[in-house]
Every structure is written in structure tokens, then in C-alpha cells.
Amino acid sequence: MVSAVIACNTKRWKMLSLFHKLMLIILLAGLLLFSKGVYMQSKALLAQQLLSFAWGRHMQDGEPHKAWPWADSEPFAQLSIAGQDPLIVLAGASGSNLAFAPAWMVSSARFDRGGNSVLAGHNDTHFKILKDIILGDELIVTTVLNSPLFFQVIDISIVNQSDLSVLHAQEQETVTLITCYPFDSHIINSDLRYVVIAKRIKDNRSSIDLAWLEKAQKSVIKSNSPF
């Protein structure tokens, strides 16, 4: 019975034209990519919910709490980008951490210590929002030891991954957000990185010349693009 079914299916496959075979393969590949994308989005969303619960407990008692028993890291900070829902940040930009949240590069400065604090994230989940960010947008960083720290976006650029200058310490306290580029692309292991740099400000009222920001916004991407 089984052999008869297999033989029948094999005969039907042979009867398909090359065009239909190619269309079927493309359809199956598309379904596979779509299901993988949905899985990644769902995984990132669920992880942020669990991390938010752990962060809430951390803010209450000051003790580290893992979002799930086998987690490699505890919530390190909370990040709000341009007024969007806050994201929980993990310490250590490992592959496992980046699958669940933006991550702070431990080789960079800690928040509120001066220097350049660098955060990395995937461009199809947590840092997908960076494609819509503009000069002058506000970032808010909260840690268990500090009141909210306010930053304002002063530079947006596209660089090669070998360009490590974006990781260097700055004269002023800054937060640098890094993700892969281009957005909405199926390119694997792209050499390009999308970099957003924000300067610390005293409060949520900008101390930066907004007229200058509006003028610079028109050319910042083009002038920094490697193309």
C-alpha cells in the first residue's frame, strides 16, 4: 500500500513540467522563509515580555533576576527609542543574547560613567526601528542605579563592519546603536553596519540646535554611505 502511494506520487512529480517544478520549489522556499521570520519575531517578542518581568523585579529589590532559568544573562538596562515601547537590554553582545534582546558591548563604557556605551541588535527584530530614526530623536536609558538618562541622536551613518572607529570613546557621553544593513534584506552576513550615535543631554529638552539638525538630516545618510 505504502509503496503504491510512493510510486503514484513519484509518477505525478515526473509529469510536472520544469516550470511547475521550479514554481513549487520557490513556493516551498518562500513558505520556509516566512515561517522562519514569524518564529524569530515571536521569539523576540516573548523574550522581551519575560525580560520585562525580570526587570521589574530587579528595579524593586536591586537584585539580578534571570528571565528564565537557563538564561545566560540578566536584564542590564532599559532602552526607549524615539518614544517607542521600551526594550530590555542584556549585558554581553553574544549570539544567544542578541536573539532575545539588544545587548550592551561589555568592552564599551557603562551608562552614566562617561565615554561611549555601545549597544547592538538585530535589524529584523529589536533594532528594526532604527531605519525610521532621524536626527534629533530621543533615546532614554534607565538602569537600576540611575534615574533616566536622556540622549539625542546627532549622527546616522552606514559603515563597513571593519570600521571600528564607531566603538571608540567620545569626548562627550554618548550611546551608539549598531545593527546590520541593509534593512528588510535576505543578505546573510552583510559587511555593512547601520550606526546611530546619540549625545547625552541634561534632560528631555534638547540642548542641540534643531535648525542645524534639520539641515543636516537631508544629507547625513548620503554623505556617510559607502555607495
So residue 49 clears everything in (1) in contact with a strand residue (DSSP E or B) (Cβ under 8 Å, 6 or more places away or on another chain); (2) under 27 Å from residue 133 (Cα atoms) except one condition, right? Which one? (1)
If we ask which residues in the range 68-102 are modelled with pLDDT of 95 or more and touching a Gly at 6+ places or on another chain (Cβ under 6 Å), their number turns out to be 1
Can you tell me which residue among 129, 178 is among the hydrophobic types (A, V, I, L, M, F, W, C), assigned to a strand (DSSP E or B) and more than 19 Å from residue 64 (Cβ to Cβ)? 178
Residues 207, 165: which one is small (Gly, Ala, Ser) and at pLDDT 75 or above? 165
Quick one: what pairs do we get from the range 171-199, first residue under 12 Å from residue 130 (Cβ atoms) and loosely packed, with under 14 Cβ neighbours inside 10 Å, second hydrophobic (A, V, I, L, M, F, W, C) and modelled with pLDDT of 95 or more, C-beta under 8 Å, 6+ apart or different chains? 182/192
Only one residue in 129, 81, 88, 133 is within 24 Å of residue 47 (Cα to Cα), in contact (Cβ under 8 Å) with a residue 12 or more places away in the chain, β-branched (Val, Ile, Thr) and in contact with a Pro (Cβ under 6 Å, 6 or more places away or on another chain), so which one is that? 88
Kindly check whether there is at least one residue in the range 135-144 that is closer than 30 Å to residue 56 by Cβ and part of a helix (DSSP H, G or I). no
Collect the residues in the range 48-71 that are small (Gly, Ala, Ser) and in a helix (DSSP H, G or I), keeping them in residue-number order. 52, 54, 56
Looking at the range 102-136, which of its residues are more than 18 Å from residue 166 (Cα to Cα) and surrounded by 21 or more Cβ atoms within 10 Å (Cβ to Cβ)? 125, 126
Boolean, residue 148 is surrounded by 15 or more Cβ atoms within 10 Å (Cβ to Cβ), under 20 Å from residue 52 (Cα atoms) and not basic (Lys, Arg): no
Which of the residues belonging to the range 149-170 are without any contact (Cβ under 8 Å) to a residue 40 or more places away in the chain and of a type in the set (Gly, Ala, Ser)? 162, 165
Which residue, of 64, 86, is within 13 Å of the chain's Cα centre (by Cα) and either among the basic types (Lys, Arg) or surrounded by 14 or more Cβ atoms within 10 Å (Cβ to Cβ) (or both)? 86
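The values are calculated or read from the model by the stated rules, or taken from the named source; none is laboratory data. Values in this document were obtained by computation on a predicted structure and should not be read as measured data. When we count neighbours, we look across all protein chains shown, and the Cβ atoms used for this are built from the backbone with ideal geometry, even at glycine.
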